[in-house]
Each structure stands twice: as structure tokens, then as C-alpha cells.
Amino acid sequence: MSENIEKIKCLIIGSGPAGYTAAIYAARANMKPVLYEGMQPGGQLTTTNEVENFPGYPDGVTGPEMMIQLRAQAERFETDVRSGWVTKVEFTGDTHKVWVDKDKEIHADTVIISTGASAKYLGLPSEQKYLEMGGGVSACAVCDGFFYKGQETIIVGAGDSACEEAHYLSKLCTKVTMLVRRDEFRASKIMSERVKRTENIVIMFNTETEEVLGDGIGVTGARVKNNKTGAVQDIPATGFFVAVGHKPNTDIFKGQLHLDETGYIKYEQAGTSKTNIPGIFVSGDAADKTYRQAVTAAGTGCIAALDAERYLAAKE
Ligand code: NAP
């Protein structure tokens, strides 16, 4: 074996709530986990402002602060947290091989995948500006909707997520304007009908966003264009929600793990974290397109660590 190869019991890929929770459990079970943080240490929560729905924080906590605490908790039990980007995996034999930053090779008895998913955005400079500032652009109504209670908001998208989130916002906001780029929904009939029936949701079909408007501190609305008539108008709003889909961060597992048609890793056995390869487990948003909450990700991180521990125990 080459000197560059490191042999470990448990490798965790990803540093969101799923990865750190898996690390806390694996470390306390003496599996000496090594966790690679990836490109966005702390994961999606680091782009959220206030987290008010994670149990145990009665006064709320900022996303970045919560991730610092989760990391500290994982390190308290000697999780080896490293920066690095997993560039290749080979799960074909008994040894699970993983390459980090192209040249570092790790052979792990168990691998817990917690690579998460990334929200898609429109890519407009004005949208990115207010997203980065925490000034009113969000891709998660359940996380951030509460901050717009009693206010007017906009949501972009026409899939099930957009309908679900528009409905969620409609219970908090005085008015929700839904921007749909085609003349129909992509969402299932039941979800789109519910949105259509909701009085304070205004649906604008054939409508695209030209610019997110703001006062330099926060969002004040959006300039939108009807792609049939060319008519442009400004819609006032303090929150601009984007629900145009998520992309699971699973590209490196293609061809090795069973993925669904949209790239989410499939659980081999419902109610567990097992994938189609023994010894490879998945937690968090990389396998979850429905719930996508920090607390559900943390729960599946726990499950993955327990499954990995039992897998190792059965091999001994
Ligand atoms: P999705 O089904 O891919 O829908 C994305 C929507 O965003 C589409 O309507 C698309 O428009 C629109 N869109 C994409 N890019 C856009 C852009 N640049 N500007 C404006 N609109 C844009 O994504 P999703 O809604 O997140 O759902 C993902 C999967 O999860 C689906 O299979 C869905 O059924 C499932 N899901 C299920 C539930 C549930 O059952 N409770 C809840 C949420 C999600 P076009 O239609 O024009 O392409």
C-alpha cells in the first residue's frame, strides 16, 4: 500500500447538519471519523440568517453560528474535521476508495455521504446581491417566511415546491405574488389548484423577473416582464423567494450509487440510511427532496452513523 493512502473506519463527506450530526454519533461510538467540509463549510445553513425552527434554540440562532456550534460539538469528541473537496470515489470493491483534492487517497470501511443539495437561483446580479447581504432574497420559505409576517412577498417558480411555499407564505403574508414563466404550472394538479384557490396569492403567468429591486439594504420589489406582451411592471415586496428547484450534490456518485431521475441518492431500504453499496450510507438533502430541513438532515445523520456502526460491528 502506498504511503499516500490513509486507511480509516469512517469517512463523512459534507459539513451541514447531517454531516456534523453523523460525526457526533460516529465519534462517540469510537469510529474516529474524518469529515471533509467541502466547498461550502457549514453547508446551506450558512446562507440563512436566523434559524428559529431548530429545537433547543428558544431565542433562535444564526445559520453560521449554529454550524460553528455543531462543528465544535463534533470536534469535542475528536472528529477530524478537514477542509478538502472529494473529487472521485470508487465503491466497487470491499474497500471504499475516495480521493480528496485529486491526489489524497482514503480507504474507508464506511462512508457517510452528507453532500447536501444546492438551491437553484435565477442568477440575476440584483438577486445575488440581496441574497449575499441577507437582505430579503431566500430559497426557503419555511426557513425565512416568518420574517415577512404581515408583509407582501414574491415567489418565483411553478413546481410543487413553489406551490407549497407560496401556500406557506400566504398564511403569513398579506399578499404573495407568484411569478410563473410559462402559461401553466409544472406542479401536480392538487398543489396548483390549492394555490389558485388561495385568495391572497396572485399568480402572474408568462412572467419573468428582470431585476430584484432594493434600496441598498433590503428588497423593495421586483421588475417583471410579461414574455408574451413585453409589458414591464414593478411589484412591491419586501421578500423575494426563489423556488425553482434544487440540485443534489451527487455528481461524483453517478454510475456507482443508485440515483433517482433528478439525481437524489436512493435509499436501498426504507427507514434506513443504506444505499445500494454495503458500507455506504447517505444522510441529509442528498437523498431528501421533500423535507429538506436542518432538523430532518440532523436526524438522518444520526441514523447514518448508527447504521455505519452496526455495519462495522457485524463485520467484526
Ligand atoms: P421542479 O419540479 O423542477 O420545478 C421547478 C420550477 O421552477 C418549474 O416550474 C420551472 O419552470 C421553474 N423554473 C426553473 N428555472 C426557472 C427560472 N429561471 N425562472 C423561472 N422559473 C424557473 O422543482 P421543485 O418544485 O423543487 O420539485 C422538485 C421535485 O420534488 C419534484 O419531483 C416535485 O414533485 C417534488 N416535490 C414534492 C412535494 C410534495 O409532494 N409535497 C413538495 C416539493 C417538491 P418550468 O415549469 O417552466 O420549467
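The values are calculated or read from the model by the stated rules, or taken from the named source; none is laboratory data. Small disclaimer: the values here were computed from a predicted structure and weren't measured. As a convention, Cβ positions derive from the backbone with ideal geometry for all residues, glycine included, and neighbour counts pool all protein chains shown. Protein only, heavy atoms only, side chains kept; ligands, DNA and RNA dropped before computing areas. Shrake-Rupley method; radii C 1.70, N 1.55, O 1.52, S 1.80 Å.
Per residue, how large is the accessible surface of the range 121-242? Use a 1.4 angstrom probe and give square angstrom.
49
Scanning the chain for trypsin sites (Lys or Arg not before Pro) in DSSP loops with at most 14 other Cβ atoms within 10 Å, what's the longest stretch left with none?
1-101
Here is the link list: 9/247; 102/289; 104/254; 7/274; 9/266. Which ones come out longer than 27 Å on Cα distance?
9/247; 102/289
Within the range 121-242, how many Lys pairs that are eight or more residues apart, or on different chains, come under 25 Å at the alpha-carbon?
15
As a test of understanding, state the convex hull volume per residue of the range 121-242 from its alpha carbons, in Å³.
So the per-residue Cα hull volume is 90 Å³.
Given 0.36 nm per residue, what is the gain on full extension from residue 272 to residue 83 after removing their alpha carbon distance, in nm?
Answer, rounded to one decimal: 65.2 nm.
Take residue 227, project a point 7 Å from its Cα along the Cβ direction, then tell me which residues of the range 113-144 have their backbone nitrogen under 20 Å from it.
Within reach of a label on residue 227, which here means backbone N under 20 Å from a point 7 Å along Cα→Cβ, the range 113-144 contributes 120-128.
Over all distinct Cα pairs, what is the inverse of the mean 1/r for the range 1-83, reported as the Kirkwood hydrodynamic radius in Å?
This gives a value of 13.3 Å.
Do any GluC sites (Glu not before Pro) in the range 33-72 lie in a loop, going by DSSP, with at most 16 other beta-carbon atoms within 10 Å of their beta carbon, and if so which?
52
To the nearest 20 Debye, how big is the dipole of the chain about its Cα centre, given +1 on the beta carbon of each Lys and Arg and -1 on that of each Asp and Glu?
580
What percentages, rounded to whole numbers, describe P(r) for the chain computed over all alpha carbon pairs with 20 Å bin width beginning at zero?
It works out to 32, 50, 17, 0, in whole percents.
Whole-Hz ³J(HN,Hα) for each residue in the range 256-262, computed from phi via Karplus 6.51 cos²θ - 1.76 cosθ + 1.60 with θ = phi - 60°, x for glycine and proline: what do you get?
Result, ordered by residue: 10, 9, 6, 10, 7, 5, 9 Hz.
When only C-alpha pairs under 8 Å and at least 6 residues apart count, what is the relative contact order of the range 121-242, in percent?
Relative contact order here is 30 percent.
How high is the relative contact order of the chain, in percent, counting Cα pairs under 8 Å that sit 6 or more residues apart?
Here the relative contact order equals 20 percent.
Aspartates and glutamates within cross-link reach of residue 88: Cα-Cα under 17 Å, excluding same-chain residues under 8 positions apart?
6, 37, 101, 103, 105, 109, 251
Considering only DSSP beta bridges with both partners in the chain, what is the antiparallel share in %, to the nearest 5?
About 45 percent, rounded to the nearest 5.
Could you report the accessible area of residue 215 in Å², rounded to 10, computed with a 1.4 Å probe on the protein chains as they sit in the structure?
100
At a 1.4 Å probe radius, carbon and sulfur cover how many percent of the accessible area of the range 25-170?
Result for the range 25-170: 49 percent of the exposed heavy-atom area is carbon or sulfur.
Compute the helix-to-body angle for 63-76: its Cα long axis versus the longest principal axis of the chain, expressed 0 to 90° and rounded to tens.
The angle comes out at about 10 degrees.
Need one number: % antiparallel among DSSP beta bridges in the range 121-242, to the nearest 5.
Roughly 45 percent of the DSSP beta bridges within the range 121-242 come out antiparallel.
Determine the calculated [θ] at 222 nm for the chain from helices alone, applying -39500 (n - 2.57) to every DSSP H run no shorter than 4 residues and normalising by the residue count; nearest 500 deg cm²/dmol.
Mean residue ellipticity, 222 nm, calculated: -8000 deg cm²/dmol.
Please work out how much accessible surface residue 83 shows to a 1.4 Å probe, ignoring ligands, DNA and RNA, in Å² rounded to 10.
Ignoring ligands and nucleic acids, residue 83 comes out at about 90 Å².
Please identify every one of the GluC sites (Glu not before Pro) in the range 154-213 that sits in a loop by DSSP and has no more than 11 other beta carbons within 10 Å of its own beta carbon.
Hits after loop and neighbour filter: 184, 199.
What do the square roots of 5 times the Cα gyration tensor eigenvalues come to for the range 1-140, in whole Å, largest first, as semi-axes of the equivalent ellipsoid?
31, 19, 11
Pulled fully out, how much extra length does the chain show between residue 95 and residue 183, if you take 0.36 nm times their separation in residues and subtract their Cα-Cα distance?
Extra length available between residue 95 and residue 183 comes to 26.5 nm.
Given contacts defined as C-alpha pairs under 8 Å and at least six residues apart, what's the relative contact order of the range 207-312, whole-number percent?
15 percent.
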